[in-house]
Amino acid sequence: MDRPLSIPFNRASLAGREMEYMRQALEAGHISGDGAFSKRCHALLEKDLGVGKALLTTSCTHALEMAALLLDLRPGDEIVAPSFAFVTTVNAFVLRGARPAFVDIRPDTLNLDEAKLEAAVTGRAKAVIPLHYAGVGCAMDAIMETASRRGLAVVEDAAHGLFGRYRGRRLGSLGALAALSFHETKNFTCGEGGALLINNPALFERAEILREKGTDRSKFFRGQVDKYTWVDLGSSYLPSDLLAAFLLAQLERAEEIQVRRRSLWLRYFERLSPWAGRIGARLPIVPPECESAHHLFHVLLPDGDKRDALIRGLRERGILAVFHYLPLHLSPMGRSWGYREGDFPVTEDVSARLLRLPFYNSLTADDQERVCGAIEDLTRAW
């Protein structure tokens, strides 16, 4: 029987003023969407990321759904995205009738392979969705050049990437649109939440309308119209101001949290480098033009059987380490579009061998040592 978990894969933690801010929201009598704390989150994200507009949403999924609406996707359109991704990276666009045109990933960063992007673009393609895996930026120069030449919108899936950089620019500030996640597994959290980042000013006004159930309610509250009405498609994407209050307390400690996560990442890297060299495992690769957001720490084991055995062995010692994305092209939905095994070999290989280690803001040095020691013990005979 497995021991009770003493080192979970993830554990959410307070950064400082969460409870104080939530109490302030309650005392102010406004806990529905777009209250004072939502507005402070918007302003902080816009300033720190250098984006034109930030709008909190109830999830990263909903931010991506808003992006699909803003792009006016229709049945028969295509979006280009990596198969090695979370389901909503693609599903948000499939909901509008679009078909995914999958692309394989690079073997180093595990991001969309920019060298294979051109071949995936057909006359039906409308957008490309680069996912910044683990918080390491995609090769955005090449992706943006191809997108511009082929008339594609770029929607960054920056769920892992908040405060990471590519060539000095913040992830989320490069495409026309970008989506963030504040799920409890992310560097900054309010339990469930997200944000849509908008870098094309032509989309600002419509984004507000879509987020407000398809109404011009935001204009009404600013005094720009004397009443509001239904003017477009939309849904209810606003998170409670209680969640925004919690999130603001985390975002205000961004520098401290990111320094902490970088320290945890480096400790794993330095501690496990000799072990990886001995058994033929591979640790994360961060190209020199990228500054990682340090969202997660992964290891690529020599083969899938060894990965699965290590997951079991760690679990027996009370440590939860997990695999990550299963290839979307091999899912039942992916196969329904005609994709088959062997279509994207790097994705299939990586998915079978990748192991994510416990990684969260309150993880201690002692716990990391225990994780690394257990990994060494369990693989000593390999």
message: I want to check the label-to-label distance for Val322 and Glu289. Put each point 7 Å from Cα in the C-beta direction and report it in nm to one decimal.
response: 3.2
query: What are the ³J(HN,Hα) values, in whole Hz, obtained from phi via the Karplus relation 6.51 cos²θ - 1.76 cosθ + 1.60 with θ = phi - 60°, for each residue of the stretch 269-274 in sequence order, with x given for Gly and Pro?
result: 4, 5, 5, 9, 4, x
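Taking a ≥ b ≥ c as the square roots of the Cα gyration tensor eigenvalues, with a/c under 1.5 meaning rounded and otherwise prolate when a/b beats b/c, else oblate, which class fits the stretch 54-113? If you can, show how the numbers build up before the last one.
On the way: a/c = 2.54, a/b = 1.34, b/c = 1.89.
It comes out oblate by the Cα gyration axes.
Quick one: of the DSSP bridges fully inside the chain, what percent are antiparallel, nearest 5? Present the calculation step by step, with values, prior to reporting the outcome.
Numbers: 22 of 37 bridges.
Bridges in the chain that DSSP calls antiparallel: roughly 60 percent.
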query: So between Arg278 and Arg312, what do we pick up on full extension, going 0.36 nm a residue minus the alpha carbon distance?
result: 10.1 nm
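Please give me the summed charge of the neighbours of Gly168: other residues whose Cβ is under 11 Å from its Cβ, Lys and Arg +1, Asp and Glu -1.
Values: positive: Arg165, Arg167, Arg169, Arg170; negative: Glu289, Glu291.
Taking every Cβ under 11 Å from that of Gly168, the sum is +2.
How much length, in nm to one decimal, is gained on full extension between Asp343 and Thr364, taken as 0.36 nm per residue of separation minus their Cα-Cα distance?
Numbers: separation 21, 0.36 × 21 = 7.56 nm, distance 4.11 nm.
In short, 3.4 nm is gained.
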message: Through the Karplus equation 6.51 cos²θ - 1.76 cosθ + 1.60, θ set to phi - 60°, convert the phi angles of the stretch 276-293 into ³J(HN,Hα) values in whole Hz; use x for Gly and Pro.
response: 4, x, 5, 9, x, 8, 10, 8, x, 10, 10, x, x, 7, 10, 10, 5, 7
field: Over 30 Å (Cα to Cα) - which of Lys116/Lys213; Lys186/Lys227; Lys186/Lys219; Lys126/Lys213 fall in this group
entry: Lys116/Lys213; Lys186/Lys227; Lys186/Lys219
message: I need the shape label for the stretch 125-174. Rule: rounded when a/c is under 1.5, else prolate if a/b > b/c, else oblate, with a, b, c from the alpha carbon gyration tensor.
response: prolate
- prompt: To the nearest 500 deg cm²/dmol, what mean residue ellipticity at 222 nm is calculated for the chain from DSSP H runs of n ≥ 4 alone, each contributing -39,500 (n - 2.57), summed and divided by the residues?
  reply: -12000 deg cm²/dmol
message: Residues of the stretch 101-139 with backbone nitrogen within less than 17 Å of a virtual label 7 Å along the Cα-to-Cβ line of Asn200, please, listed as ranges.
response: 124-130
message: Taking R0 as 41 Å, what FRET efficiency do you get between Asp72 and Ala28 from their Cβ-Cβ distance, rounded to the nearest 0.05?
response: 0.65
query: Taking Lys47 as the anchor, which aspartates and glutamates have their alpha carbon closer than 13 Å to its alpha carbon, excluding any fewer than eight residues away along the same chain?
result: Glu252
field: Distance-filtered residues of the stretch 215-248 - backbone nitrogen under 13 Å, label point 7 angstrom along Ala254 Cα→Cβ
entry: 248
Estimated inter-spin distance, Met333 and Phe220, nm [label 7 Å along Cα→Cβ]: 3.4
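Quick note: the coordinates plus some simple rules give every number you see, no bench work behind them. In this text, all values refer to a predicted model and were calculated from it rather than measured experimentally. All Cβ positions, even for glycine, are placed from backbone atoms using ideal geometry, and neighbour counts span all protein chains on display.
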